[in-house]
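The values are calculated or read from the model by the stated rules, or taken from the named source; none is laboratory data. Worth saying up front: this structure is predicted, and the values here are computed from it rather than measured. Here the Cβ positions follow ideal geometry from the backbone for every residue, glycine too, while neighbour counts run over all protein chains shown.
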């Protein structure tokens, strides 16, 4: 009996035809049979038969046929998903067998250092998937469930999925075919490929993956695993063998091998890495803004460089001749909302969240749970914006893979998503706002800093990253507005054609800031005239030029709370304390600007075992913008870019032993494992006096306009009637706190 064992379709988009590879098992040695091909097109919810081809031929184990698509050749991509069903029928001598496959007319190729779909340059806006499905404990087996997941992701601008060290079921590929998602699937491997037996098993698994899923137009990229740290000769041998078996996909030698330090070999069609291996550990080679402290000095770019919108990865792109995808970008922790525990109504219980919730209760801060979520979440979303825009503004870059759009509750609990583990919004950023930085067209402003003075001119270049199917011909409108929406200045940039598949500099803008007399938060807003689909915005802060801080005689400024200062407090002095680091080393933490990377516990142990510095482990600040201490220092309730120099010069104090209801003016949010109560700015009443403590050395960084402005705002507060600390601390406890 002759049976069809395999049916593969290789589209030839350029020539509007397909090559059909038909494998037949013929144990009875039937000499010839009739081969029929029935072709059906499925588009916009409708199906129609478009072709039937019939011929008689000799039976071979493997046969190749060519079918013309002609006028019915409709191309598949992220925008349109026409699909075809090919049914092969083998009959003869009273025997008959049939097999059907679905395919799409799609060409996914390399053009220089970028990818192209059907000849059009595409930028991959990817997310990582690690099989997080808390209700079932396993990946969905139904197409509709995967369609829900992919449609949510696409609503956030995602067009690409990387499946971390696993291959999803057929239902996922089918759903991706229908929704327009480009898939990178991986072999189930993470480690060193040091055994021939393991390499052989993986080779067989890779070929099986190709046979099972390569007809799907969504399956475009293949990786042999995650962060493979040894055995690269075996990896290369496997990739060459798999490519020889089937060259329909693009292949890499692994995702972030040796944390990006292993260069791609000739068999690699593209490179996925957190850095490129051309200049050691330097931020020049990085392809994302943050790393663990165990992997690079102080966590990389976002925690070490003055914030701007100029960061790009052009150095890394220039040192590769193949497409570069940045690996697992982001990883910004967001404090959990423990109401999420109630969502676990399936086979899994949120035991981890229950433990962390109990720790927060024990710390006495449970009433702040939602505030921690909101403040850390909004700040994390801001950091993700910077991450995605750094990649998409880099000319010649091929894409990024987020870790992640959603939480990963495993591996120590990494709540790094703006969506929770159920793909539900955390309400820290809307899908519309997120898409400003994650879309096929992104309007970009390049400027050297977020904090300016009113003696400067704000300058910026306006760019458009256009990876849509069409050129952008609209005029650009820009506005600089204050917090009340009042326009400070606006302008229109004449149309400059932005070609599809490129990052184009449209024009530059310049604004004289001398008319701004008081410290202000401004917003730079970009939009296309006549096209509401694309817009973007950036916060800016304008201050007076820093000058010498004048401290009134009735305020004592000190960096050490010694016995003399304690005596002055007892006698009614107003004291402003900027503690020197050496006096608070044991009961404070270093300042960390971005939210902690991935999760605190895992990288703490890795740093300790490797003799590397520990991350401070914090998640940003929480404060009340209406507090009078900020009367002349505009701020949000969360960290924002103007806090960089202030936080970097700080050592937040640990307050675990104080009363449970004590809240600092500016609180630093600790990670969910440790749950310290931490203060950046706080106040006490002691004796007859009043004490305000700023754990940032504003007195040492007063040359920066934001630090000088906060310093002046604190002085203004301390000389006003609003300075009335409520919490009373005796002189002995106060002395112990700072010595």
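Filter region 185-220 for residues that are assigned to a strand (DSSP E or B) and touching a residue at least 60 places away in the same chain (Cβ under 8 Å); which is surrounded by the most Cβ atoms within 10 Å (Cβ to Cβ)? Reasoning before the result, please.
In the first step, residues of region 185-220 are kept if they are assigned to a strand (DSSP E or B); the result is 185-186, 190-192, 219-220.
From the residues that got through so far, the ones that are touching a residue at least 60 places away in the same chain (Cβ under 8 Å) too are 186, 220.
Values: 186: 23, 220: 25.
Per the criteria, the residue is 220.
When residue 85 is tested against (1) under 23 Å from residue 69 (Cβ atoms); (2) in the same structural domain as residue 353 (by TED's automatic domain parsing), exactly one condition is not met: (2).
Wholly within region 308-420, which helices (runs of 4 or more DSSP H) include no fewer than the required count, namely at least 3 residues that are surrounded by 24 or more Cβ atoms within 10 Å (Cβ to Cβ) and outside the structural domain of residue 654 (by TED's automatic domain parsing)?
Details: elements: 314-318, 351-363, 369-392.
The qualifying helices (runs of 4 or more DSSP H) are 369-392.
A quick yes/no check of all residues on (1) surrounded by 22 or more Cβ atoms within 10 Å (Cβ to Cβ); (2) farther than 26 Å from residue 201 by Cβ; (3) assigned by TED's automatic domain parsing to the domain that holds residue 461:
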| site | (1), (2), (3) |
| --- | --- |
| 232 | no, no, no |
| 241 | no, no, no |
| 259 | no, no, no |
| 262 | no, no, no |
| 271 | yes, no, no |
| 275 | yes, yes, no |
| 287 | yes, yes, no |
| 305 | no, yes, no |
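The set of residues in region 453-466 that are crowded, with 22+ Cβ neighbours inside 10 Å and in contact with a helix residue (DSSP H, G or I) (Cβ under 8 Å, 6 or more places away or on another chain) contains only 465.
Working only within region 8-50, note down all residues that are part of a strand (DSSP E or B) and closer than 12 Å to residue 90 by Cα. Across region 8-50, the qualifying residues are 22, 23, 24, 25, 32, 33, 34, 35, 36, 37, 38. Only one entry in 142, 156, 166 is free of Cβ contacts under 8 Å to residues at least 60 places away in the same chain, in contact with a helix residue (DSSP H, G or I) (Cβ under 8 Å, 6 or more places away or on another chain) and under 29 Å from residue 341 (Cα atoms), namely 142. In region 525-583, counting only strands (runs of 3 or more DSSP E) that sit wholly within it, the ones holding 2 or more residues that are under 20 Å from residue 731 (Cα atoms) span 555-558, 574-577.
Applying the set (1) in contact with a strand residue (DSSP E or B) (Cβ under 9 Å, 6 or more places away or on another chain); (2) closer than 17 Å to residue 540 by Cβ; (3) at pLDDT below 95 to residue 484 leaves exactly one unmet item: (1). All conditions in (1) over 24 Å from residue 108 (Cβ atoms); (2) under 41 Å from the mean Cα position of the chain (by Cα); (3) surrounded by 16 or more Cβ atoms within 10 Å (Cβ to Cβ) hold for residue 75, with the sole exception of (1). Looking across region 605-625, the residues that are outside any loop (DSSP other than H, G, I, E, B) and farther than 18 Å from residue 290 by Cα come down to 605, 608, 609, 610, 621, 622, 623. Set side by side, the residues 617, 679 differ, and just one is buried (at least 16 other Cβ atoms within 10 Å of the Cβ), under 28 Å from residue 384 (Cβ atoms), in contact with a helix residue (DSSP H, G or I) (Cβ under 7 Å, 6 or more places away or on another chain) and free of Cβ contacts under 8 Å to residues at least 60 places away in the same chain, which is 617. Condition first: out of contact with any strand residue (DSSP E or B) (no Cβ under 8 Å at 6 or more places or on another chain), at pLDDT below 95 and not in a loop (DSSP other than H, G, I, E, B). Now tell me which residues in region 695-739 satisfy that. If the condition is that a residue be out of contact with any strand residue (DSSP E or B) (no Cβ under 8 Å at 6 or more places or on another chain), at pLDDT below 95 and not in a loop (DSSP other than H, G, I, E, B), then 732, 733, 735, 736 are the ones that fit.
Here are 99, 51: which of them is surrounded by fewer than 20 Cβ atoms within 10 Å (Cβ to Cβ) and within 16 Å of residue 33 (Cα to Cα)?
Step by step, each of 99, 51 is checked, and only 99 is surrounded by fewer than 20 Cβ atoms within 10 Å (Cβ to Cβ) and within 16 Å of residue 33 (Cα to Cα).
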